[in-house]
Amino acid sequence: MTTTAPGSDDTLSVDNRAPNVARMFLDQVSTRPEQEAYRFPNGDRWVSRTWQQTADEVTRLAAGLVALEVQPEQRVAIASTTRFEWILADLAVMCAGAATTTVYPSTMSEEFAYILADSECVVVFAEDASQVAKMRERRAELPAVTRVVTFDHIAEGGAEGSVDDWVLSLSDLAERGRAHLDQHPDAVEQRIAAIEPDQLATLIYTSGTTGRPKGVRLRHDSWTYEGAAVAAIGILRPDDLQYLWLPMAHAFGKVLLTTQLAVGYPTAVDGRVDKIIENLAVVQPTFMGAAPRIFEKAYGRITM
């Protein structure tokens, strides 16, 4: 077995890592702006985003959160299946200096409301109408939630100034961010520059098998260390291609995202479990993270 000697390049890459997740992301953007960062299904085809295109979207969304007066380390929840918009939202939260509270999309309304209230979330990214309905059912228990931002278009909600302007679309938030950047072009960069390594980045709630779910606090330093440490092993390269389907409410999925920010490989994203085998044949990734049972089931499907 080989070990890394103190002072080696691998050790230095960990010691000299970015101070926060947002800076780690922007470092990759500056290194490979026109290279593919993400790939995701859109109808019956896959579409791509470069690192720079992703950064442009993330910056507008982050500025939108700043425009909504989200403060550093305030919690912003994401309740969605694994999809490209989940990653955009999480990176936007990081770049706004806030902290992501992850929520499994299958969470029932009572526990959903408990997690949002316990973490004192002020904004929630919700995948679709079903997630919004859970919050509407418990809205009286969520006085801190000022806005809900949806990934998919839903018929309910209203424009600013209407009777109900609680729900915004992702494009609405981006437009608010664009307007805010017109007036304050350095708003997001100032937030990123102020993020300390020990600042709260993520709250991941336990399953609650021994009572109410409990939030596990994870710092920026925790994520940047994970990403840099995996990168230092040298088993992944920028020319690899990841297939990502894991639930992003779990730490494993977020580790793979942070590792991507450290290494720079592109990621194909689709959280639909029933599409894994079909998508692997189309995407042809070089690696995929999963529990052993998934690989056993995949092998069984392929060889039957």
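The values are calculated or read from the model by the stated rules, or taken from the named source; none is laboratory data. Since the structure is predicted, the reported quantities are computational estimates derived from the model, not experimental observations. With ideal geometry, Cβ positions are generated from the backbone for all residues, glycine too; neighbour counts draw on all protein chains shown. Each accessible area value is taken on the protein alone, full model and side chains, heavy atoms only, with ligands, DNA and RNA left out. Shrake-Rupley method; radii C 1.70, N 1.55, O 1.52, S 1.80 Å.
Only bridges with both residues in the stretch 180-304 count here: give the DSSP antiparallel percent, nearest 5.
Antiparallel: roughly 50 percent of the beta bridges in the stretch 180-304.
If a spin label sat at a point 7 angstrom from the Cα of residue 69 along the line to its beta carbon, the backbone N atoms of the stretch 96-132 nearer than 14 Å would be those of 122-123.
Packing-based ranking of 255-266, 68-79, 172-183, 230-241 yields 255-266, 68-79, 172-183, 230-241, ordered from highest to lowest mean Cβ neighbour count within 10 Å. Here the chain has 52 percent of its accessible surface on carbon and sulfur atoms, given a 1.4 Å probe and all protein chains in place. Taken about its Cα centre, the stretch 210-304 carries a charge dipole of about 480 debye when Lys and Arg each add +1 at the Cβ and Asp and Glu each add -1 at the Cβ. Using 0.36 nm per residue and subtracting the Cα-Cα separation, the extra length available between residue 111 and residue 284 on full extension is 58.5 nm. What is the antiparallel percent of DSSP beta bridges lying wholly in the chain, to the nearest 5? Antiparallel bridges: around 30 percent, rounded to the nearest 5.
Counted residue by residue at 0.36 nm each, then reduced by the alpha carbon distance between them, the extension gain from residue 189 to residue 296 reaches 34.0 nm. Select one label from [x] 20.4; [y] 22.5; [z] 19.9: the one whose number is Kirkwood radius over Cα pairs in Å as derived from the coordinates shown. Computing Kirkwood radius over Cα pairs in Å and matching it to [x] 20.4; [y] 22.5; [z] 19.9 gives [z]. Here's the list of aspartates and glutamates a cross-link from residue 254 could span, going by alpha-carbon distance under 13 Å and ignoring same-chain residues fewer than 8 apart: 90, 226. Per residue, the solvent-accessible area of the stretch 77-204 (1.4 Å probe, heavy atoms of protein chains only, all protein chains present) comes to 41 Å².
Under 5 Å between amide hydrogens, built in the peptide plane, is the criterion, and for residue 125 it picks out 77, 78, 79, 149 among residues at least 5 positions away or on other chains. Considering only 29, 287, 16, the residue lying farthest towards the positive end of the dipole of the chain is 287, judged by Cα position with unit charges set on Cβ.
When a/c reaches 1.5 or more, the comparison of a/b and b/c decides; with that in mind, is the stretch 14-141 rounded, prolate or oblate per its Cα gyration tensor?
In terms of gyration-tensor shape, oblate.
Under a model in which nothing but the beta-carbon of Lys, Arg (+1) and Asp, Glu (-1) is charged, the stretch 44-140 shows a dipole of about 160 debye around its Cα centre.
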